[in-house]
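Since the structure comes first, as structure tokens, the remarks are kept for the end.
What follows draws every value from the coordinates through simple rules; no lab data is involved. Quantities reported herein were computed from a predicted structural model and do not represent experimental measurements. Heads up, the Cβs are rebuilt from the backbone with ideal geometry, glycines too, and the neighbour counts pull from every protein chain shown.
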Amino acid sequence: MTEKGLRREFQRGRLVIERIAGKDYTTLSEIEKMRVLCRVQQKSPLKVEGSATNEGELALAAAKATLRRLANERENARRKNQR
């Protein structure tokens, strides 16, 4: 990924960075977490009618992704306000 792409993912709340002496740093672990958040699910060619389990799992996954994004945004705002 390019530097610009990583900064864009940080602004979107999907990547955690550390700013030290005006320079941005991240870890490979944080990049892996970002990749999980950015992963695109392949659409299933067959849809089972009334599959509440599948719909429930999708809703739960979406809720967890939203929670992670909001937590990252809150953490980024907290870090920004501490400067």
Legend entry - Among residues of region 64-79, those that are of a type outside the set (A, V, I, L, M, F, W, C) and surrounded by 12 or more Cβ atoms within 10 Å (Cβ to Cβ), counted: 7
Inset, instruction - Any residue in region 1-14 that's more than 19 Å from Lys64 (Cα to Cα): show its pairings with residues that are not basic (Lys, Arg) at Cβ separation under 7 Å, as long as the two are six or more apart or on different chains. - result: Leu6/Leu15; Leu6/Thr26
